[in-house]
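Asker: Right, I'll just put the structure down here and ask away after.
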Amino acid sequence: MKKIFICAMSLLVAGIANAQTGGGLKFGLKGGANFANMISSDENEDFDTEFKTGFHAGIFANIPVAGMLSFAPELVYSQKGYKTTGSSLLGGPYEYKVTTNFVELPLLLNIQASSNFNIHVGPQVSFLTSTTETFDQGESEYRTTVEEDNDNLKKSLFGGVVGVGFNLGPKTSLYGRYAIDLQQNNENGTSQTPRYKNQVFQVGLGLSL
């Protein structure tokens with residue numbers, strides 16, 4: 001994981017240097033909305049989750065390789081997680097939200113299918129920085145259990161990304177993508193927090209500098 005991080009950072013720094021000296025590379029800023037949920041790895045029919053909104057923001061480079069192919073590493077802050085609702089005998093209905101905050105390194109292959117349309121796909125490494133939990137009328141016993149479960153989440157995960165992009169102008173682009181973690185959050189699930197994989201749909205804008 002550390003080697004991948006160092007390699008991606010080196011490529012991003014190289015992209016900045018070339019962009020500033022008039023090289024053929026592109027460098028820019030990106031950001032937009034996340035729609036995140038989990039994919040449960042446990043057969044727990046009583047554990048239902050819904051998509052929750054968040055955001056992502058970061059920097060990118062686009063390094064020409066050959067013809068319509070380019071290498072597009074990114075460094076992005078991204079919010080994942082899920083929300084669920086339930087009811088306790090004493091507290092009544094409640095809503096529980098988990099927001100997991102990641103620094104991510106997508107290492108993408110960009111295919112410029114036409115002058116205004118591209119397809120991008122590749123792996124990404126995600127590093128968990130913090131977890132935020134919010135309760136609305138939460139039961140204290142439930143709250144303690146899920147907080148302990150989230151303390152045991154993996155701090156780094158390997159995943160994949162696939163998406164498309166549209167050029168809106170010389171320096172502006174619109175993109176949509178789907179990202180999924182290929183590793184579980186942890187090895188031990190409970191009835192309150194099952195084993196799961198993160199998934200997120202993203203929509204955003206990119207600005208080349």
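Every number here is computed from the coordinates shown, using simple stated rules; none is lab data. If you're wondering where the values come from, they're calculated on a predicted model, not measured in any experiment. Cβ: placed from backbone, ideal geometry, glycine included. Neighbour counts: every protein chain shown.
Asker: Given a cut-off of 26 Å, name the pairs among LYS26/LYS154; LYS30/LYS52; LYS83/LYS197 whose C-alpha atoms lie farther apart than that in the structure shown.
Answerer: Those over the limit are LYS26/LYS154.
Asker: I need the peptides 30-38, 160-168, 127-135 ranked by packing, meaning the mean over residues of other C-beta atoms within 10 angstrom, with the highest value on top.
Answerer: The peptides rank, most packed first, as 30-38, 160-168, 127-135.
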